[in-house]
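The block underneath contains the structure these notes are about, expressed in structure tokens.
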Amino acid sequence: MAYSYFVARRLLQSRSHNRFVSFLTFFAITGLAIGTMALLITVSILNGFQKKISENVSSFTSNIEIQGFERVPLPDYFSTLKTISAQPNVKSVSPFISHEAMIRVHRVRKAAASSTDGILLKGIMPEYDNSSLRNEIKYGHYQLSNVGSMSPLLIGAKLARRLDIQVGDTVFIFGIEGLPSPLNPPKVLSFVVTGIYETGMSDYDDIYGYTNLKSAAYLFDMPANSVSGYDVMVHDLSQVSLTADLLQKVLGYPYYPRTMYQMYRNLFAWIELQKKPIPIVIALIIIVATFNVIGTLLMIVLEKMNAVGTLKTLGATRGAITRIFLTQGAFIGALGTFIGSALAYLLLEIQKRYDIIRIPGDVYFMNTVPVSIHGSDFLLIGGIAFTLSLLASYLPARAASGFDPLESVRFY
């Protein structure tokens, strides 16, 4: 072992530090740990938001949604289904019919604030359904086959609570096209609620209702074998834009494919906007912590000036003295980075497993704060924190190596 590292270790283990210097050392380590922890937690939460929103949006809707220009019905969906499925990167296709409608509860309970509300009714084919709807059923069952003479209906938990609807209740849905009048009466169809789903995304739980394709076609007067559009899932999400462009070329007018990033542009832009400035702001905490390292090492240098003079008298070079105090700075940086990373990982795991921190679902598309732990983030941020601490140690280390031996020995 080089004697410079041996001396550095003995200085770190020395109990002759005065209490003020010991406090500064503790403060420097704590400041660096807090800065590292804050930055890791922030980045992990932002990554979690991006991952969770992408998963929720893509699993509950689609990676690509194909509709007609100005929402014109798309004919001959059987052959179109085959054409879309044959394209590269297309994983699955689900035809659908969707339209705004009014829902009215057959039996009004006292708890219900209203018996009528708006709904976006979506008719799908269960055998082609590529969403996660069947996994989100909270009450009842994923049943889209008719119950006797009545059509089935799956509704969101938020809408069910507002209208006080339970599984098995009968509701009426009015298919509205244009302004209702004696010459344009709305079509009415009775539905039985077979299931209530809850995704945690308020925008969906509040307005979407699902039934089978045949019931939606009848309610909205769709032409035979026509649909409103197609939900497309892809194998490689990074190629989703290229796949949408390819589908546009293959299908042509009036088909209009849009990716999930286009449909929810504001949402994903918000995430990217949050990710850009926050790491920079939080990184300032680490920079401030490195100044604590400089101040702490300068105090240690002043306290150990007598020892530095003795070492120089015994023949220690400037490089050796520099390495001694660089080693002390590296110790402070390594310990602070390790403690901060360990605390960040512990807190993130607690949130990931137990969902302690909850947020309003109608604002954030989820009910709890999501986290996504990446080992690369820990390595990158920990490496930056340690490197900054090491660089901050260089100034006091060079100052110590430049002391005059005679003056150093006489200094107390």
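Structure notes:
- Looking across region 195-227, just one residue is in contact with a His (Cβ under 7 Å, 6 or more places away or on another chain) and small (Gly, Ala, Ser), and that is GLY195.
- Total residues in region 62-119 satisfying the condition of being part of a loop (DSSP other than H, G, I, E, B) and either at pLDDT 90 or above or surrounded by fewer than 19 Cβ atoms within 10 Å (Cβ to Cβ) (or both): the figure is 19.
- Here the condition is being under 11 Å from ALA400 (Cβ atoms) and part of a helix (DSSP H, G or I); of ILE350, ILE332, ILE339, ILE324, it holds for ILE324 alone.
- Checking every residue in region 48-59 against the condition of being touching a residue at least 40 places away in the same chain (Cβ under 8 Å), of a type in the set (Gly, Ala, Ser) and closer than 27 Å to TYR345 by Cβ gives at least one match.
- From the list VAL363, VAL409, the lone residue that is under 30 Å from GLY156 (Cβ atoms), surrounded by fewer than 20 Cβ atoms within 10 Å (Cβ to Cβ) and modelled with pLDDT under 90 is VAL363.
- Test: residue in region 141-153 that is under 33 Å from the mean Cα position of the chain (by Cα), modelled with pLDDT of 95 or more and in a strand (DSSP E or B): yes
- Where a residue in region 146-169 is over 22 Å from PHE60 (Cα atoms) and its partner, wherever it lies, is in a loop (DSSP other than H, G, I, E, B), with Cβ under 6 Å and at least six apart: LEU163/ALA112; ASP164/ARG109; ASP164/ALA111; ASP164/ALA112
- In a residue-by-residue description of region 303-316, the property of being among the hydroxyl-bearing types (Ser, Thr, Tyr), assigned to a helix (DSSP H, G or I) and buried (at least 16 other Cβ atoms within 10 Å of the Cβ) applies to no position.
The values are calculated or read from the model by the stated rules, or taken from the named source; none is laboratory data. Quick caveat, the model's predicted, so the values are computed rather than measured. Please note: Cβ atoms are built from the backbone with ideal geometry, for glycine as well, and neighbour counts cover all protein chains shown.
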